[in-house]
1. Do we have any residue at all in the stretch 186-198 that's among the charged types (D, E, K, R) and within 18 Å of Ser30 (Cβ to Cβ)?
2. Go through Gly182, Gly147, Gly164 for me and flag whichever is exposed (fewer than 13 other Cβ atoms within 10 Å of the Cβ) and touching a residue at least 24 places away in the same chain (Cβ under 8 Å).
3. If I go through the stretch 110-148 residue by residue, how many of them are touching a helix residue (DSSP H, G or I) at 6+ places or on another chain (Cβ under 8 Å) and charged (D, E, K, R)?
Amino acid sequence: MSTDAATTEQTPDKADFWFDPLCPFAWISSRWILEVEKVRDVEVEWHIMSLAYLNQDKDIPEDYRTMLEGAWGPVRIAMKVSQDHGQEKLAELYTAMGTRIHNEKRGWKDDEVLLEALEAVGLPAEYLAAKDDDSLDAAIATSHHEGMDQVGTEVGTPTIAVNGTAFFGPVMSAIPKGEQAGTVWDGAVAMASFPHFYELKRTRTGDLDFS
């Protein structure tokens with residue numbers, strides 16, 4: 001290479017991902033983002049939102065409100081772990097929780113599920129107490145609004161900021177793998193680059209596939 005040859009380093013793409021461990025759609029999208037990391041130059045930062053907080057003052061069906069009972073617990077544990085140990089451990093805990101909640105279909109209302117997730121990432125059982133610690137709720141609300149205020153009030157999770165432009169979604173019923181995951185990401189980056197793009201949507205068919 002000649003001495004006057006210029007080298008250019010490309011800035012990695014950035015994905016800011018807001019999640020509640022309970023949401024199956026966020027779980028699928030989060031596993032997609034992990035696949036994207038394998039095939040694209042992208043930096044992922046994880047953030048906490050709360051379905052319980054999002055819906056606490058909304059007129060929602062009674063069965064959905066019942067489903068959300070206890071929903072603060074996993075989010076509070078995630079926030080406490082994030083405060084104490086940072087991004088890497090938060091991501092590990094989300095994987096441990098989500099695998100049990102979604103893939104193994106064990107839900108989140110059994111303390112044993114949460115204890116197993118903590119143990120799987122090398123954290124002591126004492127962190128289970130965070131599920132009843134409402135002093136964490138202010139930090140959860142702050143993180144929640146940092147993501148959700150960017151996309152408006154009529155959306156939920158997953159919320160992902162692609163290179164600083166936030167969207168609700170992408171919502172998928174299965175996890176893209178390998179280069180297909182990269183292609184989906186390329187599309188998200190392209191749409192995020194146009195400031196007047198807002199929505200693509202169609203009716204979902206079929207069951208969710210967490211595999």
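Bear in mind these aren't lab numbers, they're just calculated from the coordinates by the rules spelled out. Because the structure is a prediction, the values reported are computed rather than measured. Neighbour counts run over all protein chains shown; Cβ positions are idealised from the backbone, glycine included.
1. No - not one qualifying residue is present in the stretch 186-198.
2. Gly164
3. Qualifying residue count, the stretch 110-148: 8.
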